[in-house]
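Below: one structure, written as structure tokens.
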Amino acid sequence: MAFYYEEPSRTFNEYLLVPGHTPASCIPAKVSLKTPLVKYRKGEEECPLSLNVPMVSAIMAAVSDDKMAVALATEGGISFIYGNQTIEQEAAMVARVKAYKAGFVESAANLRPDMTLEDVLALKEEHGFSTMPVTEDGTAHGKLLGIVTSRDYRVSRMDGTEKVADFMTPREKLIVADADTTLKVANDIIWDNKLNALPIVDKDDNLMYMVFRKDYDSHKSNPNELLDAEKRYVVGAGINSRDYAERVPALVEAGADVLCIDSSEGFSDWQKMTIEWVREHYGDTVKIGAGNVVDEEGFRFLAEAGADFIKIGIGGGSICITRETKGIGRGQATATIEVAKARDKYFEETGIYVPICSDGGIVYDHHISLALAMGADFVMLGRYFARFDESPSNKVMINGTYMKEYWGEGSARARNWGRYDLGGKKNLSFVEGVDSYVPYAGSLKDNMAVTLLKIKSTMCNCGALTIPEFQDKAKLTVISSTSIVEGGAHDVMLRDSSTRTSMA
């Protein structure tokens, strides 16, 4: 006879936090959201790899590419580059993130000396840049010949046919810096010489980057940047349990800081074999997460296999129809609570702390706070990040409203057989995800700032300044369906529907 759970399977929407005492010293500005990403042993001074904010982007083609990875690392989180592409393509994305130098910009608007003022004005109109380098071939990495700024020409006194070579500031009058220049030194040169921009050139005087005065304050405003020991952005990458022997070496060579097995169900021998292969070839130097699981058995299986972190959640994603298709899954809140207890029990028994990630089921910002309070060390989000400028999907107009395309890895569009495969043929026999749209929301930075402030404010309501303290002090209550209705605006006519807090 089948085993039956006595308690129902609950979602985040069925819980509320009960506020605790808030001391005067507990304010959002003092809250730390730092949290472990990979496992560590009791007694170690710090986790080998931590997040500055408890948010990571999902291993999805509609969400996590190199552009998203840079944007999220800038805010203190990490992206897992999607693995449903060729090994070469994924490794190239990882390499681009690791090669990205904060504050060093590849010029997007470049001139040749034979171009005219009309060309300059057209480029300025197209890109919005008033400072443009002049290179021999007009490319971003050609031999630097000069630079054009708005101070080099007067539209009212010129007819537009003048050649760039005749009014540009020539190379011999420019202050430049070499390829080994750090951002701090570059900013010092800019300020000491009252420059608006500093070209960075290689030993052959080819243009590499531009460093702009206006970016100085922007760089200073990102204190949570997640950087490695060499001051490069931290980035993760997704793998599957089929081609790992070829994919893992390429991703490690490209510089991936952490890997994660991307699978709809992690309680399997295939994940164990993948982790064992990584340990055999790389020991503990390569960090690898696994999942997804929804109970203590699944957690312990992957923890004993050697996973560095474990993801929780089956069927709770907004584009996932696994529960509808196969009748497999568990309410995300119930799963998170049980796995968190299993993690703590495992830590007591072994002295090894294996972080857990709640993946899916998050609709509102406050669901992130609930997931953390229930024991998650961090959360993985797909739909949340898919809405932003930095996601790789297209922005389209639907019924007069801008939307972003968003599709599941189990959808017919993605056909990610490697994620849903159970050791059979290399195909997707039936879909477990949908192809959809989500409302466009603008920039990642602006939206994350609001979300993180909500989390910090909630933690202060519970008298906590750190995530472990939050988990220790949190008091949670199950609420009735009537309470859910009462929790939103009711019995009034809303003047502005934008006051809703849904992340959709």
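Pop out the Kirkwood hydrodynamic radius of segment 144-194 from its pairwise C-alpha distances, inverse of mean 1/r, in Å to one decimal. Don't jump to the answer; show the numbers that get you there.
Working: mean 1/r = 0.0768 Å⁻¹.
The Cα-based Kirkwood calculation yields 13.0 Å.
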> Among bridges DSSP assigns within the chain, what percent are antiparallel (round to 5)?
Replying inline: 55
> Among the chymotrypsin sites (Phe, Trp or Tyr not before Pro) within segment 1-66, which fall in a DSSP loop and have no more than 15 other Cβ atoms within 10 Å of their own Cβ?
Replying inline: Phe3, Tyr4, Tyr5
>> Using a Cα-Cα cut-off of under 18 Å, which lysines could be cross-linked to Lys30, ignoring same-chain neighbours fewer than 8 residues away?
In response: Lys454, Lys456, Lys473
>> Quick check for me: using +1 on Lys/Arg Cβ and -1 on Asp/Glu Cβ, what's the dipole size of the chain about its Cα centre, in debye to the nearest 20?
In response: 880
> Karplus couplings for segment 142-159 from phi (6.51 cos²θ - 1.76 cosθ + 1.60, θ = phi - 60°), rounded to Hz, Gly and Pro as x?
Replying inline: x, 5, 6, 10, x, 8, 10, 10, 5, 7, 8, 8, 10, 4, 5, 10, 10, 9
>> Just to confirm the number: angle between the C-alpha axis of helix 87-99 and the first principal axis of the chain, 0 to 90 degrees, nearest 10?
In response: 60
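Could you give the length gained on full extension between Asp205 and Val450, defined as 0.36 nm per residue of separation minus the Cα-Cα distance, in nm?
Details: separation 245, 0.36 × 245 = 88.20 nm, distance 4.36 nm.
Full extension from Asp205 to Val450 adds 83.8 nm.
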> Just the accessible area per residue of the chain, please: how many Å² with a 1.4 Å probe?
Replying inline: 48
> Dipole of segment 311-381, Cα-centred, from +1 at each Lys and Arg C-beta and -1 at each Asp and Glu C-beta, to the nearest 20 debye?
Replying inline: 240
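Can you give me the % of accessible surface on the chain that is carbon or sulfur? Probe 1.4 Å, all protein chains present, nothing else counted. Intermediate results must be reported in sequence, preceding the final value.
On the way: 12140 of 24110 Å².
Roughly 50 percent of what the probe reaches on the chain is carbon or sulfur.
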>> Once you compute Rg and the Kirkwood Rh from C-alpha atoms, what is the Rg to Rh ratio for segment 165-271?
In response: 1.19
> Under 20 Å from the 7 Å Cα→Cβ point of Asp159, by amide nitrogen: which residues of segment 106-143?
Replying inline: 114-122
>> If you average the C-alpha positions of segment 314-356 and of segment 201-276 separately, how far apart do those two centres end up, in angstrom?
In response: 26
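Ignoring everything except DSSP H segments at least 4 long, calculate the 222 nm mean residue ellipticity for the chain; use -39,500 (n - 2.57) per segment, divide by total residues, nearest 500. Spell out each step's value before the answer.
Details: 17 runs with 161 residues, N = 504.
The helix-only estimate for the chain comes to -9000 deg cm²/dmol at 222 nm.
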>> What is the sum of charges, Lys and Arg at +1 and Asp and Glu at -1, for the other residues whose Cβ falls under 11 Å from the Cβ of Val31?
In response: +2
> What residue among Ser263, Val248, Val294 has its Cα farthest toward the positive end of the dipole of the chain, where the charges are +1 on Lys, Arg and -1 on Asp, Glu, each on the Cβ?
Replying inline: Val294
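Seen from all sides and averaged, what is the projected area of the convex hull of the Cα atoms in segment 89-189, in nm²? Write out the running numbers ahead of the final one.
Numbers: hull surface 31.9 nm².
Result: a mean projected hull area of 8.0 nm².
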> Under a plain spin-label model, where a point goes 7 Å from the Cα along Cα-to-Cβ, how far apart in nm are Ser9 and Gln85?
Replying inline: 3.3
> What share of all Cα pairs of the chain, in percent, falls into each consecutive 20 Å distance bin?
Replying inline: 21, 49, 25, 5, 0
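Please identify the trypsin sites (Lys or Arg not before Pro) of segment 41-78 that satisfy two criteria: DSSP loop assignment and at most 12 other Cβ atoms within 10 Å. Which are they? Kindly include the intermediate steps, with their values, before the conclusion.
Working: sites: Arg41, Lys42, Lys67; in loops: Lys42.
Answer in residue order: Lys42.
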> How many angstrom separate the Cα center of segment 446-487 from the Cα center of segment 141-184?
Replying inline: 53
> When the label point is put 7 Å from the Cα of Met397 along its Cα-to-beta-carbon vector, which residues of segment 102-132 have a backbone N closer than 11 Å?
Replying inline: none
>> Taking loop as defined by DSSP and a crowding limit of 16 other beta carbons within 10 Å, which trypsin sites (Lys or Arg not before Pro) in segment 128-164 fit?
In response: Arg154
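Determine, for each peptide in 474-480, 443-449, the mean count of other beta carbons within 10 angstrom over its residues, then list the peptides with the highest first. Spell out each step's value before the answer.
Numbers: 474-480: 13.0, 443-449: 16.3.
Taking the mean over residues of other Cβ atoms within 10 Å, the ranking is 443-449, 474-480.
The values are calculated or read from the model by the stated rules, or taken from the named source; none is laboratory data. The shown structure was predicted, so the numbers you read here are calculated from the model rather than taken from an experiment. Methodologically, a virtual Cβ is constructed for each residue, glycine included, from the backbone with ideal geometry; neighbour enumeration extends over all protein chains shown. For the accessible areas, the whole protein counts, side chains as well, though only heavy atoms, and no ligand, DNA or RNA atoms are used. Shrake-Rupley method; radii C 1.70, N 1.55, O 1.52, S 1.80 Å.
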